[in-house]
Structure formats: structure tokens, C-alpha cells
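Engineer: Here it is, the structure in full.
Each reported figure results from applying straightforward, stated rules to the coordinates on display, with no laboratory input. Treat the numbers as computed from the prediction; the structure is a model and nothing was measured. All Cβ positions, glycine included, derive from the backbone under ideal geometry; neighbour counts span all protein chains shown.
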Amino acid sequence: MAGEGRGSRAQLLECGDYMHPHKTATPRCCLWLASHINVRKCVAGVMLLSILTIFFYTYYVTAPITSLVWRDRVPRPLSQCSLLASQQQTARDHRSDARLRIDAKVLVIAESLYSRLGRDIAELLVANRIRYKVEVAGKSLPVLTTLDKGRYGVIVFESLSKYANMDKWNRELLDKYCREYSVGVVAFATPGEESLVGAQLRGFPLFMHTNLRLKDAALNPASPVLRLARAGETAWGPLPGDHWTVFRANSSTYEPVAWALRQNEYGSNEERLPLATVVQDHGRLDGVQRVLFGSGLQFWLHRILFLDALSYLSHGQLSLSLDRWILVDIDDIFVGERGTRLHVEDVSALLASQTALQRLVPGFRFNLGFSAKYYHHGTLLENMGDDALLKNREHFNWFCHMWNHQQPHLYNNVSQLEAEMMLNKQFALEHGIPTNSCYSVSPHHSGVYPVHEPLYEAWRKVWDVKVTSTEEYPHLRPARLRRGFRHRGVMVLPRQTCGLFTHTLLLERYPGGRQRLDRSIQGGELFQTVINNPINVFMTHMSNYGNDRLALYTFESVVKFLRCWTNVRLASAPPLSLAEKYFQLRPDELNPLWGNPCDDIRHRKIWSKSKWCETLPKVLVIGPQKTGSTALYTFLAMHPALVPNLPSPTTYEELQFFNNNNYLKGLDWYLNFFPPSQNNGSQITFEKSATYFDGDLVPRRAHALLPNAKIIAILISPSKRAYSWYQHIRSHGDAVANNYTFHTIITANDSAPKPLRDLRNRCLNPGKYSHYLERWLVEYSPHQLHVMDGSLLRSEPAAAMHGLQKFLKIQHVDYDKLLKYDPKKGFFCQAVSNEKTKCLGKSKGRIYPPMEERSAKFLRRYYTPHNTALSKLLVRLGRPVPQWLKDELTNG
């Protein structure tokens with residue numbers, strides 16, 4: 001496209017075509033004329049062109065940057081708001097003490113798990129980080145309270161008719177909950193229902209007209225529901241869909257929130273009356289407040305009204321902040337083919353637009369990312385544009401790209417990366433470009449995520465980078481799930497797209513045409529991106545600011561549209577400040593969640609070819625500790641189809657990667673224990689870390705990286721496990737274990753010293769097997785989980801391994817031939833010959849003094865409810881209940 005854009009059509013546009021936006025075309029026109037004049041035959045032409053060249057060089061390089069001259073019939077930013085919308089409005093504060101009695105969570109009653117509106121509701125809640133639970137309509141309501149607090153701040157019904165026609169028992173239960181905890185209800189009139197004309201909604205003094213086509217929506221400025229949304233404007237034109245419902249009430253308990261007109265098909269005056277498309281029920285009749293929508297969330301205005309309804313009905317518990325921070329990065333400064341780069345007048349327009357935006361967005365500055373190798377690589381006028389950028393450098397913020405715009409993952413040598421970055425830094429110092437932004441963006445997002453460790457190391461050494469951004473974490477799509485993280489001291493912000501890309505140059509060639517771009521700006525994707533994200537880092541490219549200057553049109557328009565329709569408070573700040581604000585708002589995102597680069601085609605392309613992921617483990621033995629996991633590891637390693645990880649120098653066969661400390665070292669650290677040379681290509685890699693079983697974050701982390709892994713848990717009597725753990729750490733010299741008896745430790749109360757309580761928890765908590773297995777089952781399906789009987793593995797290992805091989809679907813190996821009982825150790829060991837065995841170390845199989853009866857009695861009583869829950873879980877999963885568990889339940 002770039003080459004074609006500078007062909008004959010583009011040249012004609014540069015010579016004054018009225019469709020070409022924002023241009024003072026004379027300089028480019030002169031070059032086109034020059035290429036078509038036979039200067040050898042026309043000396044006067046040569047002299048004229050020389051004079052013109054000197055004139056325009058002097059004007060565009062030495063003269064100060066002037067205001068942009070707008071042409072007629074070009075894409076202009078949205079004009080100012082209407083009189084009412086332009087007036088200062090104070091956003092309502094919905095907070096009251098009633099919010100303290102409810103949780104900040106939404107209960108969604110959906111038609112089905114796959115319904116369109118149900119998905120739209122869930123996606124909007126996820127985009128705004130609002131917690132929710134989905135239940136399918138027709139079932140009994142879930143538990144609504146916990147102790148003296150309501151579990152949900154708002155109840156959302158996908159179907160208004162299903163809500164109105166609930167069975168008496170559930171409706172009374174719901175109304176009682178809503179009244180007692182001041183919880184409101186949101187409901188949507190769904191399309192496809194029977195056409196109604198003036199039909200009364202069951203149980204409500206409210207009449208409905210359905211299946212209408214509407215136009216020209218507006219908001220009620222007096223509605224107390226409005227907070228994000230701002231009244232005063234009209235959304236002109238037809239509303240999406242042909243199945244709208246409007247409401248008419250004969251009670252003062254109802255108040256319109258939004259209106260629209262019926263599309264005038266017959267020309268009657270009646271069609272011009274405003275019809276209520278969203279109504280608020282103040283609850284004056286039954287004590288329950290509601291907001292009812294006449295259509296779903298396809299209409300952009302309904303999306304912000306839905307967020308306002310959640311805020312209002314939850315008494316501010318579900319309110320979103322009105323602050324929105326915007327940073328616009330311009331990548332690839334100095335980079336681009338000839339014909340796509342900036343001219344002097346483009347720089348002029350950039351400054352004029354920045355000034356206009358600063359009046360609406362305090363602190364706004366365009367953020368320019370440069371690759372200096374390509375400085376002065378354009379045409380004469382484009383090189384003049386490069387000079388104009390440097391001349392006005394103090395008016396912009398700057399950040400570094402790579403010197404040659406090369407992707408960092410292609411460098412495996414840190415020194416090479418540092419050398420490239422130093423060239424860029426030297427250019428910056430020579431030309432007065434600031435070097436202290438602490439921000440950088442990698443070309444094509446390479447090396448940021450998936451992480452390329454040399455990039456982070458070089459960034460810190462050369463540029464002292466503390467902040468970057470990417471659109472690739474955890475994945476490009478869906479955009480609502482983009483998140484931030486911190487790695488090696490660098491804060492990584494989620495980056496957003498604005499619908500403009502490297503080759504988005506001309507409005508007439510915009511994919512989908514101008515209407516599509518305008519839809520994104522006026523309530524569509526770009527508008528919603530700002531609404532749903534308190535901090536927005538937008539990616540644009542230098543080419544978006546030349547040619548038709550679509551980026552200037554886009555950002556000025558969306559900012560004005562936000563000002564007209566919302567009460568958000570727009571502002572901007574440097575990247576480091578924005579990163580600090582982001583992680584103050586999202587502290588839960590500081591720790592990364594590593595995914596498998598091989599599972600995302602985009603990630604595979606920006607990951608070093610010297611790395612691998614095929615040998616990542618397909619089997620995880622998760623423990624818990626002191627149940628026989630080391631013996632199981634040894635038995636698995638004997639199988640020819642299985643290969644373990646390389647040992648760790650500190651934790652031996654256990655990598656303990658998914659626990660905190662090692663996890664933050666990054667994926668490269670983990671991969672080094674699974675080199676391709678360790679696997680013959682047909683083997684299955686496995687890992688065993690007994691600390692995984694009860695680790696709080698481990699199941700989610702493991703599933704993010706290994707979603708298809710088989711999970712093996714090995715369980716024994718929790719009482720025996722607790723006693724074995726105590727004896728194990730006592731033998732390793734633990735001061736608390738050596739100073740207190742086992743009974744003192746397990747019976748310690750919450751007022752005991754912290755070291756004593758910590759040891760008590762490590763003895764008792766892992767034995768709550770069902771609790772931790774349920775946590776694993778949140779991430780993994782039941783067919784991926786194998787619960788192994790640890791007692792059977794000790795007494796009949798061949799039988800236990802037979803069942804495990806069937807689960808893993810690997811060739812059967814007769815472990816009777818591989819294992820031999822060692823009477824000295826008291827357990828089975830690897831058979832080296834008919835006479836000899838190879839057993840585990842001295843720390844395994846120790847004989848401890850018997851447990852005191854009072855401790856055994858206490859533990860039986862303590863674990864009875866947990867063992868009962870485990871038994872029920874195994875039955876539900878269709879798994880056999882081990883003999884030790886039957887005995888514990890019988891004796892308990």
C-alpha cells in the first residue's frame with residue numbers, strides 16, 4: 001500500500017484533490033511537477049524550480065511551526081457538544097452506608113451459558129474487573145447471604161420476562177433479600193418475545209410495547225442513575241436492532257433514564273413522541289429498586305448505562321472511578337518507506353493537534369519512539385520533516401526503540417543488544433533528545449512477552465528502563481483480557497490499539513471505510529476501550545500522522561465524544577507515573593502468569609528460535625509432602641516412556657517452579673531443566689514438586705503454562721502425614737519442632753507464638769485434601785486428575801503403578817520385575833539384580849516412635865469433616881475410595 005500510496009493517485013491528491021484531508025499540498029505538488037518537466041529543454045523551468053525549492057526549504061525548516069490550515073470537506077474532529085451537554089455537570093456520587101452490607105459482586109441470571117446477551121454482560125463485567133457469578137435461569141437461586149452480609153450487590157436478569165414470571169418461592173426469596181440488604185435488580189427485555197402492544201408486565205404497573213424500530217436516543221438529565229453517562233446530547237440515527245421494547249408507566253415509582261423516537265414509517269405526529277427505552281423503578285411499591293432495559297448491550301449507550309445502573313443499585317459498591325489516563329505512543333519515528341513519512345506540515349499539524357488536546361486532556365503530550373538508524377532516509381521533504389521533529393523536540397515526550405528497528409528476540413547475545421541500544425542513545429545525546437523517560441517499547445513487541453531475558457537486562461543497563469508496554473500479554477485477543485505484570489524490575493503495561501496500523505494511511509482506503517472508523521470513535525471499540533480501562537496506552541505509528549493524518553482525527557474526535565457523552569475526567573502523564581498508578585489500582589497483576597509460547601502463533605513468531613517448549617512437562621506430580629511422592633518420582637523415572645526434569649542444585653529432583661520464588665525467575669529458568677537433549681523425542685516429560693498440592697497460586701499458574709498436563713496427587717492418612725512431617729523437620733534441626741511436642745504443636749491455638757502457629761499449619765493444612773483438590777479442579781478437568789492411594793503404592797507398588805500407567809495411556813511395564821522389597825528399609829526399592837536393590841536415601845523410610853494416643857484421637861476428630869468431604873468428592877468423580885480413608889471414617 002505504501003508504494004501505491006505514492007503513485008499517480010497520491011500525487012494527484014498532493015496537487016490539490018479536494019478529498020485529501022488536512023493538507024497544504026504545494027511542496028509535494030512541486031516535486032511531482034518537477035518529475036514531469038523536461039528541464040533539459042526548459043532553462044526557465046529549472047530556474048523556477050530552484051527558486052521554489054529554496055523558498056519552501058526556507059519556509060518549512062527555518063520558519064516557526066505555524067497553525068494547521070484545514071481544508072474543506074476533510075475528516076474533521078467531532079465538533080463541540082450541544083449547549084446542554086457542554087454545560088458543566090457534576091457526576092453523581094452513588095455511595096452510601098448501605099454499600100457496606102453487600103459484597104462488590106454481581107449475580108447474573110442468564111438464559112443459558114451460551115446466550116449472546118449473557119456473554120455480552122459477562123464480557124463487560126470482565127473488562128471492568130467486576131466480579132460476578134453466572135447462574136442459569138430456571139434453577140433455584142444460589143445462597144445469597146454469608147453471615148450478616150449480602151453476597152451480591154446487584155442481581156442481573158438477562159430476561160425481563162423470566163424475572164417477572166419467576167416461581168413464587170424464588171421470587172419471594174429474592175425480594176426479601178433485595179429489601180433486607182438494599183440490593184437492586186437489572187433486567188433486559190430480550191428480542192424474539194411475542195409482540196406486545198400496551199401489555200402490562202406481570203406484577204408491575206408497567207406497560208410494554210415490543211419489537212419496535214427506534215432512532216435518536218437521548219438521556220434524562222434528571223435521572224439519579226447517571227454517573228458515567230452524561231445527558232444533553234442526542235445519538236442521531238437509527239438504533240441497532242429491530243426488536244426494541246419501550247415502557248409506559250402509570251405510577252410515580254418509574255422514571256425514564258433514556259428516551260428514543262420511533263422510526264417514522266407512517267409520518268404520524270405520534271411517532272415523534274419520546275419513548276422510554278430504559279426506566280428506573282424507585283421501589284416505592286415493593287421496596288425493590290430496579291433498572292429495566294428495552295434492549296441488550298448492542299447499543300453503545302446501554303453499555304455505560306449498565307455500568308451506571310450497577311453503581312446506583314449497589315449504593316456505590318460497584319462504582320467505577322471517573323478518572324481516565326491516556327498516553328498516545330507514536331512508534332517508528334524516522335522509520336518508514338519513502339512516501340509514508342512526515343513532512344514539515346505534518347509536524348505542524350501534530351503540534352497544533354497536541355495543543356488542542358491539551359485543552360481537553362491536561363498534561364497531554366505525544367510520546368515519540370525513535371529508531372535513529374533511519375533518520376534522513378526519506379525524500380527531501382521527508383528529511384525536512386525529520387529535522388522539524390528534532391527542532392521541536394522539547395514539545396514532545398520521547399522514548400527509545402531499537403537503533404535499527406530489529407526485533408530483540410533475534411539477538412541471543414546481551415552485548416549485541418547493548419551495542420544497538422547505545423547507538424540509539426548516542427544519537428539522542430547528539431541531537432538533544434531526552435534520555436530519562438525510563439520507558440521503552442520493543443519493535444513488534446518482541447521480547448517483552450514472551451519474555452526474552454537479554455532484552456530486559458540490556459534495557460536496564462543502557463536506558464534504565466522501568467516501564468514498557470505490550471498488547472501481547474497474555475494474548476492479543478480478546479483485548480478486554482490484556483493485563484500488566486512486572487518482571488526484572490520492569491513494569492509492563494497493557495497496550496491498546498485504536499484501529500490504526502502501520503499501513504493505515506488514507507481515509508478512502510480505511511478497512512470498512514470512514515463509517516467503520518467513526519463507529520469505533522462514537523461509542524464503539526475505541527470509545528469503550530477508554531471507558532473500560534482507567535489507564536490507556538495507545539499504540540500508533542508515524543505513518544498515521546502523515547498522509548491523511550488519521551491519528552489526529554481519531555484522537556481529537558474520541559476525546560470530544562467522551563467529553564460530550566460522559567463525565568470521565570481525562571488526563572495524561574509520563575509513562576513511569578502511569579505505571580505506578582496502574583499497579584496501585586491493580587496490585588494483583590504485579591506477579592506475571594506465564595503461558596506457553598507454543599500455544600499462540602503470534603508469540604511463537606516473537607520468541608527466540610534458540611528456545612523450545614516441546615519438552616515442557618506433560619505430567620505433574622503435585623504431592624502433598626510426606627505421602628510418598630519421592631518414591632513415585634523414582635518409579636516413574638524407571639519407565640522408558642517417561643523422563644524427569646534435570647535436578648535442581650538446591651532442591652534436587654523438585655523444581656518448585658510454580659511456587660513464588662522460582663516462578664518469578666521466569667520461563668527461561670524453568671525451560672533449562674527440560675533441554676531437548678534430555679528427551680529422545682518420543683518420551684513424556686514429567687515433574688514432581690510436593691509443594692504444589694497446597695500452594696495458593698500453583699493450580700492457576702500450572703494451568704496457564706501446562707493446560708493439557710496430567711495431574712497426579714498421592715494421598716495417605718492425613719494424621720500419618722502430619723506426624724511424618726513433624727518428624728521430618730525435627731530430624732532436620734527445626735528449632736520449633738525440637739522445642740515442642742507434636743501434641744503441643746497440633747493443638748496450639750491462635751494466640752500461640754507465630755512460629756508455633758506456622759508449624760501447626762504446615763502439619764495440619766495439607767491434610768485437608770478435598771479443599772485443595774477442589775482448587776485444582778477449578779483449573780483442570782476431572783479426567784486430567786489422578787488421585788493415587790499412597791498406602792497402596794507403599795504396600796503394592798506394582799498394582800498402584802498399573803493403574804497409573806492406564807491413566808497416562810502409556811505402554812504397560814511390569815513393575816513386579818523392576819521393584820524388590822528391601823526388608824532393611826521396609827519398603828520396595830529398584831531391583832538392580834536378583835540380590836541387590838537401589839533404595840532412596842537415609843532420610844526416606846525412617847522409623848519414628850509411635851504417635852501418642854491423645855494426638856491420634858485429636859487428629860481423627862480434626863480430620864473427620866475433611867475426610868468425609870474427600871470421600872464425597874471421590875464418589876462424585878467416580879474414583880475408588882482408598883482403604884485408609886474407609887478406615888479413618890469408620891474409626892472417626
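Engineer: Using Cα centres only, tell me the gap between segment 371-436 and segment 758-787 in whole Å.
Structural biologist: What the calculation gives is 53 Å, centre to centre.
Engineer: Can I ask one more? What relative contact order, as a whole-number percentage, does the chain give when Cα pairs under 8 Å and 6 or more residues apart are counted?
Structural biologist: Dividing the mean separation by the residue count of the chain yields 9 percent.
Engineer: Output the relative contact order of segment 465-561, whole-number percent, from Cα pairs under 8 angstrom with separation of 6+ residues.
Structural biologist: Taking the mean separation of contacting Cα pairs over the length of segment 465-561, I get 28 percent.
Engineer: With everything on Cα atoms, drop me the angle between helix 453-463 and the longest principal axis of the chain, reported from 0 to 90° to the nearest 10.
Structural biologist: The angle comes out near 50 degrees.
Engineer: If you take the square roots of the eigenvalues of the alpha-carbon gyration tensor of segment 838-892 and sort them as a ≥ b ≥ c, do you get rounded (a/c under 1.5), prolate (a/b over b/c) or oblate?
Structural biologist: Since a/c reaches 1.5 but b/c is at least a/b, the shape of segment 838-892 is classed as oblate.
Engineer: Any idea which of 578, 568, 543 is furthest toward the positive side of the dipole for segment 541-584, if Lys and Arg beta-carbons carry +1 and Asp and Glu beta-carbons -1?
Structural biologist: Of the listed residues, the answer is 568.
Engineer: Could I ask something else about it? First obtain the Kirkwood hydrodynamic radius of segment 237-361 from its Cα pairs, then insert it into the Stokes-Einstein equation at 10 °C and 1.306 mPa s, and state the resulting D in µm² per second as a whole number.
Structural biologist: 83 µm²/s
Engineer: Still on this structure: Could you tell me the largest-minus-smallest coordinate of the C-alpha atoms of segment 441-519 on each of the three principal axes, in descending order and whole angstroms?
Structural biologist: Between the extreme Cα coordinates on each principal axis of segment 441-519 lie 45, 25, 16 Å.
Engineer: Under a 5 Å amide H to amide H cut-off, with H placed in plane at 1.01 Å, what residues pair with residue 643 once short-range neighbours are removed?
Structural biologist: 684, 685, 686
Engineer: Would you pull out the residues with amide H under 5 Å of residue 821's amide H, same chain only if 5 or more places away, H placed 1.01 Å from N?
Structural biologist: 829
Engineer: Another question about this same structure. Is it possible to state the helix-based mean residue ellipticity at 222 nm for the chain, with each DSSP H run of 4+ residues giving -39500 (n - 2.57), the sum divided by total residues, to the nearest 500 deg cm²/dmol? What is it? Before the final figure, lay out each step's value.
Structural biologist: Details: 32 runs with 320 residues, N = 892.
Computed ellipticity for the chain at 222 nm equals -10500 deg cm²/dmol.
Engineer: About the Cα centre of the chain, what is the dipole size in debye to 20, counting +1 per Lys and Arg Cβ and -1 per Asp and Glu Cβ, all else neutral?
Structural biologist: 1840 debye
Engineer: May I pose another question? Rounded to two decimal places and with Rh computed the Kirkwood way over Cα pairs, what is Rg over Rh for segment 286-423?
Structural biologist: A ratio of 1.21.
Engineer: Rounded to whole Hz and in sequence order, give me ³J(HN,Hα) for segment 641-646 from the Karplus expression 6.51 cos²θ - 1.76 cosθ + 1.60, θ = phi - 60°, writing x for Gly and Pro.
Structural biologist: 8, 10, 9, x, 5, 5
Engineer: From the backbone phi of segment 228-239, what are the Karplus-calculated ³J(HN,Hα) couplings (6.51 cos²θ - 1.76 cosθ + 1.60, θ = phi - 60°) in whole Hz, Gly and Pro given as x?
Structural biologist: My calculation for segment 228-239 gives 5, 6, 10, 7, x, 9, 10, 8, 5, x, x, 7 Hz in order.
Engineer: So what's the gap between the Cα centers of segment 340-361 and segment 796-813, to the nearest angstrom?
Structural biologist: 69 Å
Engineer: Additional query: When only Cα pairs under 8 Å and 6 or more residues apart are kept, what is the percent relative contact order across segment 299-393? Display every interim value, and only then the final one.
Structural biologist: Working: 92 pairs, mean separation 31.7, N = 95.
Over segment 299-393, the number comes to 33 percent.
Engineer: Once the Cα atoms of helix 116-127 and of the chain are each reduced to a long axis, what angle between those two axes, in degrees from 0 to 90 to the nearest 10, is obtained?
Structural biologist: 90 degrees
Engineer: Per q in 0.05, 0.07 Å⁻¹, report the Debye log10 I(q)/I(0) for the chain, using one uniform scatterer on each alpha carbon and no solvent.
Structural biologist: -0.41, -0.75
Engineer: Something else now. Please work out the C-alpha center-to-center distance from segment 668-745 to segment 446-497 and express it in whole Å.
Structural biologist: Distance between centres, Cα-based: 30 Å.
Engineer: Tell me, which longest segment in the chain has none of the GluC sites (Glu not before Pro) that fall in DSSP loops with at most 13 further Cβ atoms within 10 Å?
Structural biologist: Value returned for the longest uninterrupted segment is 266-613.
Engineer: A further question on this structure: With no solvent and one equal point scatterer per Cα, compute the Debye intensity ratio I(q)/I(0) for segment 709-841 at 0.21 Å⁻¹ and report its log10, rounded to two decimals.
Structural biologist: -1.17
Engineer: Taking the dipole about the Cα centre of segment 634-733, with the C-beta of Lys and Arg at +1 and of Asp and Glu at -1, give me whichever of 667, 695, 709 is farthest to the positive side.
Structural biologist: The Cα lying farthest towards the positive end belongs to 695.
Engineer: Rg(Cα) of segment 617-725 divided by 2.2 N^0.38 Å?
Structural biologist: Taking the Cα Rg and dividing by 2.2 N^0.38 Å, one obtains 1.05.
Engineer: Right, something else. How far is helix 550-565 tilted off the main Cα axis of the chain, in degrees rounded to 10, range 0 to 90?
Structural biologist: Approximately 80 degrees, to the nearest 10.
Engineer: Sequence neighbours fewer than 8 away in the same chain don't count; with that in mind, list the lysines whose C-alpha is under 21 Å from residue 838.
Structural biologist: 626, 688, 817, 820, 824, 825
Engineer: Sticking with this structure for a sec: Hey, which aspartates and glutamates would be in cross-link range of residue 857, C-alpha to C-alpha under 15 Å, not counting anything within fewer than 8 residues on its own chain?
Structural biologist: Reachable aspartates and glutamates: 887, 888.
Engineer: Tell me which aspartates and glutamates have Cα within less than 19 Å of residue 611's Cα, excluding those fewer than 8 residues away on the same chain?
Structural biologist: Once the sequence-local aspartates and glutamates are set aside, what remains near residue 611 is 453, 457, 472, 599, 600, 668.
Engineer: With the cut-off at 27 Å, tell me which of the pairs 618/665; 373/609; 768/886 have Cα atoms farther apart than that.
Structural biologist: Going by Cα-Cα distance, every pair falls inside the 27 Å limit.
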